[in-house]
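Have a look at the structure below, then the notes.
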Amino acid sequence: VIRWCALTMAAIFFAIIFFPQNDKYIGILLTIVGVASAYQIFIIYKTISYVPKNLAGQASAIGNMLIMLFGYLFHSSIGGTMKMYDGVSCVEPHMYSMEAFRWGLTIIPIAQIIAYSLLFCKKDKRN
């Protein structure tokens, strides 16, 4: 499930970034991304399934912290990429170009494809 969520979200982000359509089309695609983002629930479940029951709370908390860490890294790298393509402006709020958004947001599907590839190669040693 986690692998297919990554692949689905990568495909949708590529479609939105490189083949923009009307608002209704993008709204439907982003709804699918929202549903696919539920992969985080499966990650927490998998995390606590590897530890004894008395450590499930701690494992869940650590898994959630890792998810939040990657969210921070994504947002920072997206912002940095957008600044790299559009520079820094003295005018607040800064208006970024479509090219800056395109290159900044391209980080998301690339990372999802990498995650999919890593998960595809991973073997569950408990089975």
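The values are calculated or read from the model by the stated rules, or taken from the named source; none is laboratory data. In this text, all values refer to a predicted model and were calculated from it rather than measured experimentally. We place every Cβ from the backbone using ideal geometry, glycine too, and count neighbours over all the protein chains shown. Ligands, DNA and RNA are excluded from the accessible area calculation, which covers all protein heavy atoms including side chains. Shrake-Rupley method; radii C 1.70, N 1.55, O 1.52, S 1.80 Å.
The set of residues in the range 99-114 being open to solvent by less than 70 Å² (accessible area, probe 1.4 Å) and not aliphatic (A, V, I, L, M) consists of GLY104, THR106, PRO109, GLN112. Taking the range 1-25 as the range and being modelled with pLDDT of 85 or more, among the β-branched types (Val, Ile, Thr) and farther than 14 Å from ILE113 by Cα as the test, the residues that pass are ILE16, ILE17.
The test for being in contact (Cβ under 8 Å) with a residue 60 or more places away in the chain and either in contact with a Phe, Trp or Tyr (Cβ under 9 Å, 6 or more places away or on another chain) or open to solvent by less than 90 Å² (accessible area, probe 1.4 Å) (or both) does not hold for ALA36.
Checked against the criterion of being among the polar types (S, T, N, Q) and modelled with pLDDT of 85 or more, the range 33-47 contains one or more residues that satisfy it.
Selection over the range 57-98 of residues that are open to solvent by 80 Å² or more (accessible area, probe 1.4 Å), at pLDDT below 85 and either small (Gly, Ala, Ser) or assigned to a helix (DSSP H, G or I) (or both) gives a count of 2.
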